[in-house]
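Engineer: Okay, handing you the structure first.
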Amino acid sequence: MATLSDARRLVVKIGSALLVDKVTGQLRRDWLTSIAADVAALKSGGADVVLVSSGSIALGRGVLGLASAHLPLEQSQAAAAVGQIRLARAWEEALAPHGITTAQVLVTLEDSADRRRYLNSRATMETLLGFGTVPIVNENDTVATDEIRYGDNDRLAAQVAVTVAADQLILLSDVDGFYSANPSSDPDARRFDTIDVITPEIEAMAGDAGSGLSKGGMKTKLMAAKTATAAGCAMAITDGAPLHPLRALQDGANATWFTPQLDPHAARKRWIAAMKPQGTLTLDDGAVAALARGTSLLPAGIARVEGSFGRGDPVTIRAADGRALGQGLSRYTAAEAQAIRGHRSSEIEEILGYPGRAVVIHRDDMAL
């Protein structure tokens, strides 16, 4: 069974009901301070941490004096716009005393459904984590319509975990795990310590009930678990209400862990390898040797560009003698790749007329 101590890269989902008091509509400051200390401890242990935090609408509706009942879309978006500023500031103030820089990342379902946007999001998140920041991710409720919404932050958190190749996803909930029935109404309900496979029987046990300001029920958590574990990410559901909930989980608090099916990097490589290539990049001998050492593909090493592909499309990578080395996701279109092939990364802006990525295919977007 996984433990929090094993995590190298961790995504933590925090719901509105944990962050915002249901009665007053105000932040639970003591709780926020405690989880900030937990995050700082994990980072000091060498883990990258991403927080997927709800709360913008819950905070904004209080400021605007809106009813606690279901809001029309335009009022929800207005509340999100007001509340998101306060939410980002709250996290910044909570983590700053630990010397941690925060970053706000707002996304919609389109950002993961569209491959080019997905790659841009991934590159930004990787860069932020490389700088040691803690990204605070939320759905962009201000602009998202129903057709392009995740609709709940459980599934958003799972997609973020996939995007950053996290090895663990923690859903802080109002229950301490997955039960065979609703424990508040069924005294015989039993909690699972570990779930290796999400069977139809497991799915049938999930209920729809959410709580208070939060949208997600247990069904959305199972959907998140399917997404995460298929990408090699272990997932836990645990009670987030007490102070220091991550430290409690690390110390053995009740939880249900869902077992990953693959290592996250192996799962990503398999996904890339299964795509249909839209073009071919032929490399010189120096670039072939560099890839064998685990580097990314720079424009200087590209000898020939074939096909018609866009940013984020899969392309075959070949050696000069025609051997297929593998494939990867291109950060440039075919026309752009043709223009910069054979040139140094420092020349990209001069050639294209705008700044671009230093690499054509990042090593994490490559299956050799």
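Computed from the coordinates by the stated procedures, all read-outs in this text should not be read as laboratory data. As the structure is a prediction and not an experimental result, all values here were calculated from the model. Here the Cβ is made from the backbone with ideal geometry for all residues, glycine too, and neighbour counts use every protein chain on show.
Engineer: How tilted is helix 264-273 with respect to the longest principal axis of the chain? Cα atoms for both, answer in degrees (0 to 90, nearest 10).
Structural biologist: Between the helix axis and the principal axis of the chain, the angle is about 50 degrees.
Engineer: Additional query: Name the residue from 20, 47, 179 whose Cα lies farthest towards the positive end of the charge dipole of the chain, charges +1 on Cβ of Lys and Arg and -1 on Cβ of Asp and Glu.
Structural biologist: Checking the options against the dipole of the chain, the answer is 47.
Engineer: Tabulate in residue order the Karplus-calculated ³J(HN,Hα) for region 195-205, using 6.51 cos²θ - 1.76 cosθ + 1.60 with θ = phi - 60°, rounded to whole Hz; enter x for Gly and Pro.
Structural biologist: 10, 7, 9, 8, 8, x, 5, 4, 4, 5, 7
Engineer: Under a 5 Å amide H to amide H cut-off, with H placed in plane at 1.01 Å, what residues pair with residue 52 once short-range neighbours are removed?
Structural biologist: HN-HN under 5 Å from residue 52: 12, 13, 14, 137.
Engineer: Give me the angle, in degrees from 0 to 90, between the Cα long axis of helix 218-230 and the longest principal axis of the Cα atoms of the chain, rounded to the nearest 10.
Structural biologist: Helix 218-230 sits roughly 30 degrees off the main axis of the chain.
Engineer: Going by amide H atoms built from the backbone, whose H comes under 5 Å of the H on residue 304, apart from near neighbours?
Structural biologist: 282
Engineer: Another question, then. Given H placed 1.01 Å from N in the peptide plane, which residues other than close sequence neighbours of residue 316 have an amide H under 5 Å from its amide H?
Structural biologist: Close amide H contacts, sequence-distant or interchain: 278, 279, 280, 281.
Engineer: Here is a further query. What dipole magnitude, in Debye to the nearest 20, does region 4-264 give about its Cα centre under +1 on Lys/Arg Cβ and -1 on Asp/Glu Cβ?
Structural biologist: Numbers: 23 positive and 31 negative charges, 110 e Å.
Charge dipole of region 4-264: 520 debye, to the nearest 20.
Engineer: How do 243-254, 14-25 rank on mean C-beta neighbours within 10 Å, highest first? Please list the in-between numbers first.
Structural biologist: Details: 243-254: 17.4, 14-25: 20.4.
Going from most to least packed, we get 14-25, 243-254.
Engineer: Top mean-square fluctuation among 124, 163, 229, Gaussian network model of the chain, C-alpha springs under 10 Å?
Structural biologist: 124
Engineer: Under 8 Å for C-alpha pairs, at least 6 residues apart: give me the relative contact order for region 4-264, rounded to a whole percent.
Structural biologist: Values: 523 pairs, mean separation 60.3, N = 261.
Rounded, it is 23 percent for region 4-264.
Engineer: What ³J(HN,Hα) values, in whole Hz, does the Karplus curve 6.51 cos²θ - 1.76 cosθ + 1.60 give for region 24-35 when θ = phi - 60°, with x put for Gly and Pro?
Structural biologist: So the Karplus estimates, Gly and Pro as x, are 8, x, 9, 4, 7, 4, 4, 5, 4, 4, 5, 6 Hz.
Engineer: Lysines within cross-link reach of residue 269: Cα-Cα under 19 Å, excluding same-chain residues under 8 positions apart?
Structural biologist: Residue 269 reaches 226.
Engineer: Can you return the lysines within cross-link range of residue 22? Criterion is Cα-Cα under 16 Å, with same-chain partners fewer than 8 residues away left out.
Structural biologist: Residue 22 reaches 215.
Engineer: Hey, another quick one. How much of the DSSP bridge set in region 275-367 is antiparallel, in percent, rounded to the nearest 5? Could the numbers behind the result be given before it?
Structural biologist: Numbers: 13 of 16 bridges.
Counting only bridges with both partners in region 275-367, antiparallel ones make up about 80 percent.
Engineer: If I fit a long axis through the Cα atoms of helix 115-130 and take the longest principal axis of the Cα atoms of the chain, what angle between them do I get, 0 to 90°, rounded to 10?
Structural biologist: The answer is roughly 80 degrees.
Engineer: Taking the C-alpha atoms of region 288-368, how large are the radius of gyration and the largest Cα-Cα span, Dmax, in Å?
Structural biologist: Using the Cα atoms of region 288-368, the pair Rg, Dmax is 11.7, 34 Å.
Engineer: In addition: In what sequence, highest mean first, do 295-302, 307-314 appear when ranked by Cβ atoms within 10 angstrom? Kindly include the intermediate steps, with their values, before the conclusion.
Structural biologist: Details: 295-302: 20.6, 307-314: 18.0.
Going by the mean number of other Cβ atoms within 10 Å, highest first, we get 295-302, 307-314.
Engineer: Among bridges DSSP assigns within the chain, what percent are antiparallel (round to 5)? Don't skip to the answer; put the middle values down first.
Structural biologist: Numbers: 19 of 49 bridges.
Looking only at bridges with both residues in the chain, the antiparallel portion is about 40 percent.
Engineer: Please turn the phi angles of region 39-50 into ³J(HN,Hα) values with the Karplus equation 6.51 cos²θ - 1.76 cosθ + 1.60 (θ = phi - 60°), one per residue in order, whole Hz, x for glycine and proline.
Structural biologist: Along region 39-50, the couplings run 4, 4, 5, 5, 5, 5, x, x, 8, 7, 10, 10 Hz.
Engineer: Which one of 315, 345, 335 is farthest out on the positive end of the charge dipole of region 275-367, using unit charges on Cβ (Lys, Arg +1; Asp, Glu -1) and the Cα centre as origin?
Structural biologist: Value: 315.
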